[in-house]
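These notes are about the structure you will find just below.
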Amino acid sequence: MNIETLLVATRTRDIDGTGVRGTMPPIHLSATFQQDSATEFGAYDYSRSGNPTRDALEGLLAELEGAARALAYPSGVAALNAMAALLRPGDEVLVSTDVYGGTYRLLSKVWSGRGVAVRYADLSDPAAARAAFSSRTRLVHAESLGNPLLTVCDVRGTAELAHAHGALLSIDNTSLTPLNLRPLELGADMVIHSATKYLCGHSDVTAGVLAVRDEALARTLKFHHNAEGCVLPPLDSYLLLRGMQTLAVRLERQEASARAVAEALLNEPCVSRVRFPGLPGHEGAAAHARQSKGTGAVVSFETGDAELSRRIVEALKLFSIRVSFGALNSSASVPFHMSHTSIPQELRGSHGPPRDLVRLAVGLEHAADLIADLRGAIAAALAYERPITAGGVA
Ligand SMILES: *Cc1c(COP(=O)(O)O)cnc(C)c1O
């Protein structure tokens, strides 16, 4: 079945024996479930271990990613952190340089404090990737489309490389969603989502997903999900299920508008570089086109002037200044100052975004309104007269 169909299929089960079958699953807020006897357990006993609403969500997520099992966590970062259960002190993790700032913070400041070595490399460059492995590399982690530089990870090639070195590959697929790319089919072992972004789509849930192909790996992670208690609550599970029903139509429109925005930015003389995987000149565009059906709806651009970039973002009216992406309404950010501040200043040249990079997350407004907003903000930022101070131009 196509993903568009899976997303809206009714998935209610009559677990209460009431015969009531709504179109949407009930929100089972109950923390505990009654048993038939002291020695017989039913399908559910305690909500941390299993909850019918969370199960409905996890079942859908597993189908979407073609996984043996998907687990839902209270944030994307919690889903990333769940992989720590697979590592021991002395193990090494190899990470792409173009990753979410919170991923950098978790790995470099939390995991490394527990004896896991973290190495960064540009995994879109095969020679650099190969050179970064050691005999202790146990896990390789990359984003299918990097945040915020939109670096393309060749999932199949990276999986072959990881497996040749006896390591697992996890792909953060937040920017592309399973509608565009299914990393497990291309050889990845694990898929991560910040479901806070496109999967939810409505900016009202913080959630994460970890989906795995291998049954034994799934059992280990499920054991830790319950043992460590880092589980998505039932109300959030319901809201996520509700939001996901419209994922296909949201993404289709947002991607079309993102392309229109990217093409409009190419015509702005003050814009020195536009990053969007649908543009023919984008680095990795060919690899992206081979593995992904669509582009995602994030567009980044540079102006060569950090002050000008900041002023453009502050002059925008429809794009609000916010971190995150995947929402119904458009947003703009300067990742250097916002989502990626946990990357140390001295590393932010090679690891992460340049100072003048603006990241646009394109929402469901009319594309013409978004383009007019950008043109107006660019004109206003260029017209701004820098105040004259005693030392000259500030
Ligand atoms: C936002 C984000 C995360 C972290 O997810 P949270 O839900 O904010 O914890 C991880 N990876 C990527 C690519 C993200 O954009």
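Which aspartates and glutamates have a Cα less than 15 Å from the Cα of Lys317, not counting those fewer than 8 places away in the same chain?
Glu365, Asp369, Asp373
Kindly provide the trypsin sites (Lys or Arg not before Pro) of region 18-80 that DSSP labels as loop, not H, G, I, E or B, and whose Cβ sees at most 11 other Cβ atoms within 10 Å. Mind showing how you got there, number by number?
Working: sites: Arg21, Arg48, Arg54, Arg69; in loops: Arg21, Arg48.
Hits after loop and neighbour filter: Arg21.
Quick one: Cys230, Cys200, fewest Cβ neighbours within 10 Å first, how do they rank? Intermediate results must be reported in sequence, preceding the final value.
Numbers: Cys230 19, Cys200 24.
Fewest-to-most Cβ neighbours within 10 Å comes out as Cys230, Cys200.
For Lys197, give me every one of the lysines with a C-alpha distance below 17 angstrom, ignoring sequence neighbours fewer than eight places off in its own chain.
none
Give the long-range amide H neighbours of Gly363: residues separated by 5 or more places, or on another chain, with amide H under 5 Å away, using H modelled in the peptide plane at 1.01 Å from N.
Long-range HN contacts for Gly363: Ser330, Ser331.
At 222 nm, what helix-only mean residue ellipticity would the chain give, in deg cm²/dmol to the nearest 500, using -39500 (n - 2.57) for each DSSP H run of four or more?
Details: 13 runs with 131 residues, N = 394.
Per the formula, -10000 deg cm²/dmol.
For Leu169, what residues show an amide H to amide H distance below 5 Å, using hydrogens built from the backbone and excluding near sequence neighbours?
Val140, Asp189, Met190
Loop only by DSSP, 11 or fewer other Cβ within 10 Å of the Cβ. Give me the GluC sites (Glu not before Pro) in region 10-105 that pass, ordered by residue number.
Numbers: sites: Glu40, Glu58, Glu63, Glu65, Glu92; in loops: Glu40.
Filter output for region 10-105: Glu40.
Please list, in order along region 126-135, the HN-Hα scalar couplings obtained from phi with the Karplus expression 6.51 cos²θ - 1.76 cosθ + 1.60 (θ = phi - 60°), rounded to whole Hz, x for Gly and Pro.
Rounded to whole hertz, the list is x, 5, 5, 5, 4, 5, 8, 6, 9, 5.
Stretch Arg105-Leu266 to full length: gain in nm at 0.36 nm per residue minus the Cα-Cα span?
Working: separation 161, 0.36 × 161 = 57.96 nm, distance 3.32 nm.
Using 0.36 nm per residue and subtracting the Cα-Cα distance, I get 54.6 nm.
Cross-link partners among aspartates and glutamates for Lys222, C-alpha distance below 14 Å, same-chain residues fewer than 8 apart left out?
Asp55, Glu58, Asp214
Find the relative contact order for the chain and round it to a whole percent, using C-alpha pairs within less than 8 Å whose residues are 6+ positions apart.
16
No lab work stands behind these numbers, since they all come straight from the coordinates. Source: prediction; values computed, not measured. Note: ideal-geometry Cβ built from the backbone for every residue, glycine included; neighbour counts use all protein chains shown.
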